[in-house]
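Presented below is the structure to which this report refers.
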Amino acid sequence: MQFPVQRLFNRATWVKVHLYLALIAGFFFALMGLTGSISVYREDLDELLNPKLVIEQPEGKRQSLDKIMAAVQAAHPNRYGSWTLELPRSAHGMITVWYDKPRETFFELHAPLMVSVNPYTAEVIASRFWGQTATTWLLDLHTQLQLDRFGWNTVGILGLLLVVSIGTGVYLWWPGWRGILDALKIRHRAGMIRLAFDLHRLIGLLSASILLLLAFTGFNLSYPGVLETLVGSSGMEHGETGRNIISTAIPNNHPVGLESAEFVARAPFPRAELRRVTTPAGDSGIYRINLRQGSEVNHRHPYTTVWVDRWSGQVKEVRDPSAFSSGETFATWVWPMHTGEAFGATGRFIWFLTGIGLFVLYVSGLLHWLHRHGKVKDRDVNFIARDGVYAASLSGTGAVSALRPLFYRLQGMSYRAGLTLFRLAGLLLQRAKRHAPHVMKGCTTLWQRLRSMLINRQKRIGKNEGE
């Protein structure tokens with residue numbers, strides 16, 4: 001007896017898949033959305049919570065990197081090995097000096113020491129451990145659920161489940177071309193449950209494309225080996241250099257300093273912006289200088305890298321993103337697309353709203369499900385003016401809405417916002433075609449491979465049914 005394949009892919013099946021995914025993983029989706037939204041502005045929030053990290057009136061020139069590193073080592077004399085100096089993004093920011101594996105948090109997945117230094121005075125302002133500040137704790141909750149490696153892998157699986165949830169949601173929403181306008185309406189006078197359901201569908205539709213992108217990039221950040229296999233890249237994992245280069249020169253009494261190493265590294269890329277400098281560890285250690293070229297989509301973690309020998313002062317190796325293959329270029333887009341920095345301030349704000357929207361999707365969907373099971377009663381939604389102030393309320397009397405015109409304006413604004421998002425998507429595609437043709441090639445290759453897999457699957461199913 002053959003299994004009825006058609007019954008497996010009918011609407012009722014997808015309703016159950018969408019429902020069970022929401023009930024089982026919906027809370028984690030909402031948690032990922034909220035923590036991700038906050039993490040979009042992690043640095044800004046950290047400075048808001050810690051005003052001492054902001055330089056109100058920058059004066060004079062920045063101190064040399066050697067002097068800054070000397071101040072850090074004086075504050076932490078018993079920490080040996082490599083340090084990484086990250087340059088601030090603005091004139092008001094601190095230089096952050098990272099120590100990767102401090103003894104206090106050595107066995108945690110990622111908990112480096114963060115030393116904040118005033119670049120104009122070389123004064124150490126704060127020394128904190130990752131995960132022990134509000135913003136880094138929230139980011140760990142977003143990336144690993146505070147469960148180290150197990151949580152990291154779980155978040156990647158949640159990304160795949162979110163892709164399925166979004167896909168089934170869009171499929172279930174699709175009303176046909178003739179019913180699109182009606183499906184976009186928000187019927188606020190039909191009761192609280194109907195309002196929640198309409199908001200669920202509208203927000204889900206507007207945010208579907210971005211949520212798919214976030215889920216896809218989030219999965220690849222948790223499992224970078226999958227993308228490396230698909231696009232033929234290696235050593236492109238976020239935060240990794242992909243190279244283990246050591247010094248072959250004989251140690252001497254005249255090692256190259258940080259400023260000199262930076263000067264040497266700038267020779268191949270004179271117009272690039274300095275982002276990070278990693279100091280050598282041991283006699284065989286080597287300087288790693290991270291620069292950002294204007295064409296790179298990564299702002300905080302660029303891929304342009306120069307390795308400089310501290311004993312000889314020679315350039316040992318250079319990594320230039322302009323020479324990357326299509327697969328490697330595609331891999332460089334994963335992190336900035338996930339954080340929104342690839343699309344500037346506007347992109348980051350839309351990413352922030354999308355994360356909030358994911359939380360609203362969970363709450364509105366859960367409310368609708370609880371109502372269907374008799375756990376929540378429906379209520380009329382009324383906007384009533386009291387003492388000259390408009391306030392929203394839930395009532396069983398069906399009071400006339402005094403705020404109805406405002407609601408209609410808000411509804412119109414939501415439609416215009418949707419159109420703006422679609423236009424933005426078109427602009428982003430045009431930008432990708434103009435500035436990152438390799439990314440488009442990588443997308444095309446992935447699509448062709450997936451399409452080939454689906455066609456082969458359909459052929460096998462048809463052959464089995466014929467037999």
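The values are calculated or read from the model by the stated rules, or taken from the named source; none is laboratory data. Just so it is clear, the structure is predicted and the values come from calculations on it, not from any experiment. With ideal geometry, Cβ positions are generated from the backbone for all residues, glycine too; neighbour counts draw on all protein chains shown. The area values use the complete protein model at the heavy-atom level, side chains included, leaving out ligands, DNA and RNA. Shrake-Rupley method; radii C 1.70, N 1.55, O 1.52, S 1.80 Å.
Here are the numbers for the structure shown:
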quantity	calculated
Leading residue by the ranking (farthest from residue 292 (Cα to Cα)) among those in region 95-121 that are modelled with pLDDT under 95 and among the hydrophobic types (A, V, I, L, M, F, W, C)	107
Selection count, region 305-322, where residues are open to solvent by 50 Å² or more (accessible area, probe 1.4 Å) and of a type outside the set (Gly, Ala, Ser)	5
Residues (in contact (Cβ under 8 Å) with a residue 40 or more places away in the chain, farther than 17 Å from residue 42 by Cβ, in contact with a strand residue (DSSP E or B) (Cβ under 6 Å, 6 or more places away or on another chain) and of a type in the set (A, V, I, L, M, F, W, C)) located in region 86-123	87, 115, 117
Residue ID - surrounded by the most Cβ atoms within 10 Å (Cβ to Cβ), chosen from residues in region 262-288 that are hydroxyl-bearing (Ser, Thr, Tyr) and touching a helix residue (DSSP H, G or I) at 6+ places or on another chain (Cβ under 9 Å)	287
Matching entry among 302, 336 (being open to solvent by less than 40 Å² (accessible area, probe 1.4 Å), part of a loop (DSSP other than H, G, I, E, B) and not aliphatic (A, V, I, L, M))	302
Subset tally (residues that are under 15 Å from residue 126 (Cα atoms), aliphatic (A, V, I, L, M) and open to solvent by 30 Å² or more (accessible area, probe 1.4 Å)) for region 49-88	4
Residues of region 91-144 that turn out to be within 15 Å of residue 52 (Cβ to Cβ) and in a strand (DSSP E or B), as a count	11
Checking residue 22 against (1) open to solvent by 50 Å² or more (accessible area, probe 1.4 Å); (2) under 30 Å from residue 165 (Cβ atoms), the condition it does not meet	(1)
Residue selected from region 184-199 under the condition more than 13 Å from residue 371 (Cα to Cα) and in a loop (DSSP other than H, G, I, E, B), by the criterion least open to solvent (accessible area, probe 1.4 Å)	186
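For every residue, the table says whether it meets (1) in a helix (DSSP H, G or I); (2) within 19 Å of the chain's Cα centre (by Cα); (3) at pLDDT 90 or above.
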| site | (1), (2), (3) |
| --- | --- |
| 214 | yes, yes, yes |
| 221 | yes, yes, yes |
| 226 | yes, yes, no |
| 229 | yes, no, no |
| 237 | no, yes, no |
| 243 | no, no, no |
| 261 | yes, no, yes |
| 264 | yes, no, yes |
